[in-house]
Amino acid sequence: MVSKQLFAYVNWRLQQIKGNQKPFGGLSILAVGDFFQLPPLGRAKPLCVYEDHVLDFWKDNFQMITLTQIMRQRDDLTYAELLNRLRVKQKHEKLTDADKCMLEAVIRSSPEECPVDALHIYATNKEVDNHNTEAISSRFSDIINIDAHDYKKDPRTGEMKRQAAPFKGDKRDLIDTLQIAIGARVMLTRNIDVEDGLVNGTFGQVAKITAQTQGGVPVVQLIGLHLDNLTAGQKHRNKAPDGDDSIVYIERSEEPLKKKGTVRRQFPMKLAFACTIHKVQGMTTDCAVVSLKHIFEPGMAYVALSRTTSLSGLHITDFDEKKIFCDPEISASLENMPKADFHNVQPILHIVQDPKMSSALKIIHHNTEGLECHVEDLKCHHELLLADVLCLTETHLSGSAVPAYLQLDGYTMYKRNRHASYTNYVHLANKNGGGVAIYVKNNFQVSPVMYIQNVTDLEYLVLKIEAPKQALIVVIYRPPSYNLAEFLANLNALLTSLEIIDFKPVIVCGDFNEDQLSHRNKPILNLFEDKGYTQLISTGTTENNTLLDPVFISGTQSNVRAGVLQTYYSYHDPVYCVLE
Ligand SMILES: Nc1ncnc2c1ncn2[C@@H]1O[C@H](COP(=O)(O)OP(=O)(O)OP(=O)(O)O)[C@@H](O)[C@H]1O
C-alpha cells in the first residue's frame, strides 16, 4: 500500500509539473485498492487513517466508491461471502460456528496432508526460504548452483576485478547463489520489462538452462522459463536460440551491491515453491497452502486466505482464528470517509433513469481545446456520449474534409471552422484555433440552418432538431479578442433571426468568454435576458472556477435539468441540459 510519504511526493511532483498549488496539480486521481489488505511497509499508517501533525492528502480530497461484485471467487459465492466476513473481523471477535465449520473442511493438521505442488504461502521470508530449500533438495537430483559474478574496483588501477567467490550480499541484493533445476518453480525478483509483464513477482518454471564453457568451466548464460502468465515476456521469446517461442529467456542483471565499490551480475530470480504473503497480494491461483503460523500484521491472514478461486483449492496449516484480524482504525476511517455521490459523478445517467426523463433530449456543450487531439478522450468519456446533441467549441479544425477518426459512432457531424465564419474580421479569421461543431444522434431528424441572412462574423452553428424531439440548437464561440460591442451587434442579429425562425424551444450554448459568476456588468447575459432567455448553469465551468460556458434557453414549459460535468483534458468542463 502506498505510504503517506509517497502519496505526498506524488502530490508535490504533480504540482511541480502542472505549475500550480492545487491538490495533485489539479489532476483527477483514481486511487484503487483495499485498505483492509497489507498496510504500508515499515509500520506506517495507511493513507486513510488521520494522524495529528502528519501531512494528509487523503482526508479532504478523496471520496469512496465500493465495488460490490467479486470476480476471483465468482464461482464459489459462499467462500466469497466467508472471505468478506474474515476481511473485517476484529481481533476480539470470534468466528461464528458456521464459518468455523466451513474453514475446518480445509484445515490440515500436517504438511503431508497438503498437495506438494501447490504454492505454499507463509508470513515470513525465513519460512519461505526453508520451504524452498527443502523442496528443491528433496524433489530434484540435478540441482545447479549459480554463483553471482561479483566485481570489485581495484584501488590501484580502477579496474573492476571479478571475485573468486560471491560476497555475502544484503537481503535486498540479487541472490548470492541461485539454486535451480529444470522444472523448479521460480519467481522474478526485479522489474526486467514492465510493459512486457516481466516484473518482480512474475512466476514460472525453469524449462532450459544454457551454458558456455569459459576457461574450461561451464558458465550459465541464459535461464529459459515457462511463465504462468502466457502473455508475458513476448519480447523476450524471439531471443530463443532453439526457436522454441514458449520459453522466455532471462539474462543476468547487473547492479551495484550495498557493499561500496562492488557490482554483482546475477539472474534476477529466486525459488518460488513458496512465497510470502506480501508477494502474493494481488495474485489469483487455483490452489494454495496457507500457513497462519507467523502472521504479524492486520489484513495478512485475509490476503493469504483470499488468493484461491474456490474454497476447495485452499489448504490451511497452523490455523488459529486469532491470526485473522483487521485494523480497527481502518474500520473507523472507512465508516467516516465521505462516499462518492453518483448524482455528481454521473448526473445525466441518473436523470435518464428517472422514468419521466427516459426519453428526454440530452444536450451537452464542451470547449474541447482541439478536437483532433482530444477526440479519443471524448470517445472514452463516461457521460459525453449519452448526449443526443453534442455541441463543441474550439474544434481547431481546418479544411472541409472530416477524417474518419473524427466521426463518432452513431452520430452525424456538422461543423463550421473559424476561417469560414468571418467576412469582415480578417484578423480573427486568420488566427489559429476556434471553430464549432455539433454531433447529433443518427435517430434524430435534423435540418442544419447553414445560412441566415444578415448574420455574419460569428463562429456559430444552428440546427433544427425536428424529431423525435423538437428544439433549435445553437452553438457559439466568441474568441477573447473579439471586440465586445461588435460581437454584441452580431449576436443580436442572430438572436433576432432565431425569433423569426420561430422554432421552440431555443437552446444556445457555447463559450462566450464572459464570466457569468463575475460581479461586474455582463452585457452578453443582459442581451440574452432582454430577448427572453434564461441562463441555466450556476457553477464554474473552468479550472479557474469561472463560468465561461453558459446555456441559454427560451420558449420552453418543460422540465429542464442542467449542470456541469467533469473532464481531465480541457481547461473547460462540459455543461449539460436535459429537456423532458
Ligand atoms: N471483469 C472480470 N471478468 C472476469 N474475471 C475478472 C474480471 N475482473 C477481474 N477478474 C479476475 O478476478 C481476479 C481478481 O481480480 P483483481 O485482481 O482485479 O481484483 P482485486 O480486487 O484487485 O483483488 P485483490 O485486491 O483481492 O487482489 C483476477 O484473477 C482477475 O483476472
With the other protein chains left in place, how much accessible area per residue, in square angstrom, belongs to the chain at a 1.4 angstrom probe?
51
Expressed in angstrom and ordered largest first, the alpha-carbon extents of segment 413-494 along the principal axes are 40, 25, 19
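What shape does segment 322-371 have by the C-alpha gyration tensor, where a ≥ b ≥ c are the square roots of the eigenvalues, rounded means a/c under 1.5, and otherwise prolate means a/b greater than b/c and oblate the rest? Could the numbers behind the result be given before it?
Values: a/c = 4.52, a/b = 2.24, b/c = 2.01.
Verdict is prolate for segment 322-371.
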Let me know the charge dipole size of segment 332-445 about its Cα centre in debye, to the nearest 20, where only the beta-carbon of Lys, Arg (+1) and Asp, Glu (-1) is charged.
460
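Checking the a/c ratio against 1.5 first, then a/b against b/c, what shape does the Cα gyration tensor give for the chain? Walk me through the numbers before you get to the answer.
Details: a/c = 2.71, a/b = 2.01, b/c = 1.35.
In terms of gyration-tensor shape, prolate.
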By the scheme Lys and Arg +1, Asp and Glu -1, what is the net charge of all other residues having a beta-carbon under 11 Å from that of E159?
+4
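Leaving out ligands, DNA and RNA, what percent of the accessible area of segment 4-118 is carbon and sulfur, probe 1.4 Å? Let's see the in-between values first.
Values: 4300 of 7930 Å².
C and S fraction of accessible area: 54 percent.
Taking K and R as +1 and D and E as -1, what net charge do the other residues with C-beta under 12 Å from the C-beta of V116 add up to?
For residues surrounding V116, the net value is -2.
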Compute the label zone of H149 within segment 200-240: residues whose backbone N is under 12 Å from the point 7 Å along Cα-to-Cβ.
212-215, 219-222
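Mean shadow of segment 4-62, computed from the convex hull of its alpha carbons, in nm²?
On the way: hull surface 17.6 nm².
That works out to 4.4 nm².
Largest first and in whole Å, give the semi-axes of segment 1-132's equivalent ellipsoid, each being the square root of 5 times a Cα gyration tensor eigenvalue.
Details: eigenvalues 291, 77, 47 Å².
They are 38, 20, 15 Å, listed largest first.
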Per the charge dipole of the chain (beta-carbon charges, Lys/Arg positive, Asp/Glu negative, Cα centre), the residue among A164, V508, L548 reaching farthest to the positive end is A164
Run the reach check for K161 against lysines, Cα to Cα strictly under 24 Å, same-chain hits fewer than 8 apart removed. What comes back?
K152, K153, K171, K258, K259, K260
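Calculate, for D129 and K258, the FRET efficiency according to 1/(1 + (r/R0)^6) with r their C-beta to C-beta distance and R0 22 Å; round to the nearest 0.05.
Plugging the Cβ-Cβ distance into 1/(1 + (r/R0)^6) gives 0.70.
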Listed by chain and number, the residues whose amide H is under 5 Å from that of V551, excluding neighbours fewer than 5 places away on the same chain and using placed H, are L536, I537
Please work out, to two decimal places, the log10 of the ratio I(q)/I(0) at q = 0.10, 0.13, 0.18, 0.21 Å⁻¹ from a Debye calculation in which every Cα of segment 188-318 carries one identical scatterer.
-0.44, -0.70, -1.06, -1.21
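Kindly rank 269-279, 77-87, 207-217, 101-111 from highest to lowest mean number of other beta carbons found within 10 Å of each residue. Before the final figure, lay out each step's value.
Values: 269-279: 21.8, 77-87: 16.7, 207-217: 11.1, 101-111: 13.3.
Answer by packing, highest mean first, reads 269-279, 77-87, 101-111, 207-217.
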Sequence-distant lysines (8 or more away, or on other chains) whose Cα lies within less than 22 Å of K531
K464, K504, K522
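Rounded, prolate or oblate for segment 304-419? Axes are the square roots of the Cα gyration tensor eigenvalues, ordered a ≥ b ≥ c, and the cut-off for rounded is a/c under 1.5. Display every interim value, and only then the final one.
Values: a/c = 3.12, a/b = 2.43, b/c = 1.28.
Prolate.
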Which one of N130, T68, F273 has its Cα pushed farthest toward the positive end of the charge dipole of the chain, where Lys and Arg give +1 and Asp and Glu give -1 at the Cβ?
N130
Give the long-range amide H neighbours of K415: residues separated by 5 or more places, or on another chain, with amide H under 5 Å away, using H modelled in the peptide plane at 1.01 Å from N.
I438
Taking the Cα centre of the chain as origin, sum charge times position over the Cβ atoms of Lys and Arg (+1) and Asp and Glu (-1), and report the length of that vector in debye to the nearest 20.
1380
Going residue by residue through segment 355-369, the Karplus relation 6.51 cos²θ - 1.76 cosθ + 1.60 with θ = phi - 60° gives ³J(HN,Hα) values, rounded to whole Hz and with x marking Gly or Pro, of x, 5, 10, 5, 10, 5, 8, 10, 10, 10, 10, 9, 7, 7, 6
Tell me the net charge near G25. Cut-off is 15 Å between Cβ atoms, G25 excluded, with +1 for each Lys or Arg and -1 for each Asp or Glu.
+2
For segment 120-276, the accessible surface attributable to carbon and sulfur atoms (probe 1.4 angstrom, ligands and nucleic acids excluded) amounts in percent to 48
Per-residue counts of other Cβ atoms within 10 Å, averaged by peptide: what ranking do you get for 130-142, 417-429, highest first?
417-429, 130-142
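Need one number: % antiparallel among DSSP beta bridges in segment 120-276, to the nearest 5. Don't skip to the end; give the middle numbers.
Numbers: 35 of 38 bridges.
The answer is about 90 percent antiparallel.
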Built amide H within the under 5 Å cut-off of G201, gap 5+:
L188, T189, R190
Quick one: Debye curve from the alpha-carbon atoms of segment 443-562 only, equal weights, vacuum; give me log10 I(q)/I(0) at q = 0.11, 0.13 Å⁻¹ to two decimals.
-0.36, -0.51
Would you count, across segment 4-62, every pair of lysines whose alpha carbons are under 15 angstrom apart, provided the pair is eight or more residues apart or spans two chains?
4
Mean projection area, nm², convex hull over Cα of segment 347-579:
11.9
Would you list, by chain and number, the lysines whose Cα falls below 20 Å from the Cα of K100, excluding same-chain residues fewer than 8 positions away?
K89, K91, K293, K322, K323
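Mean separation of Cα pairs under 8 Å and 6+ residues apart, divided by the residue count of the chain: what relative contact order is that in percent? If you can, show how the numbers build up before the last one.
Values: 1122 pairs, mean separation 66.0, N = 580.
Result for the chain is 11 percent.
Calculate the dipole size of segment 387-473 relative to its Cα centre from +1 charges on Lys and Arg beta carbons and -1 charges on Asp and Glu beta carbons; express the result in debye to the nearest 20. Can you show the working numbers first?
Working: 7 positive and 6 negative charges, 12 e Å.
Approximately 60 debye in magnitude.
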Explain nothing, just compute: Karplus ³J(HN,Hα) = 6.51 cos²θ - 1.76 cosθ + 1.60, θ = phi - 60°, for every residue of segment 303-315 in order, whole Hz, x for Gly and Pro.
4, 5, 6, 9, 7, 8, 7, 9, 5, 5, x, 9, 10
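Show that you can apply the helix-only estimate: for the chain, add -39,500 (n - 2.57) for every DSSP H stretch of four or more residues, divide by all residues, and state [θ] at 222 nm to the nearest 500.
Helix-only estimate at 222 nm: -6000 deg cm²/dmol.
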What ³J(HN,Hα) values, in whole Hz, does the Karplus curve 6.51 cos²θ - 1.76 cosθ + 1.60 give for segment 60-68 when θ = phi - 60°, with x put for Gly and Pro?
8, 10, 10, 10, 10, 10, 9, 7, 10
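The values are calculated or read from the model by the stated rules, or taken from the named source; none is laboratory data. Note that the coordinates shown come from a computational prediction; the quantities given were computed from them, not determined experimentally. All Cβ positions, even for glycine, are placed from backbone atoms using ideal geometry, and neighbour counts span all protein chains on display. Surface accessibility is based on the protein's heavy atoms, side chains included, excluding ligands, DNA and RNA. Shrake-Rupley method; radii C 1.70, N 1.55, O 1.52, S 1.80 Å.
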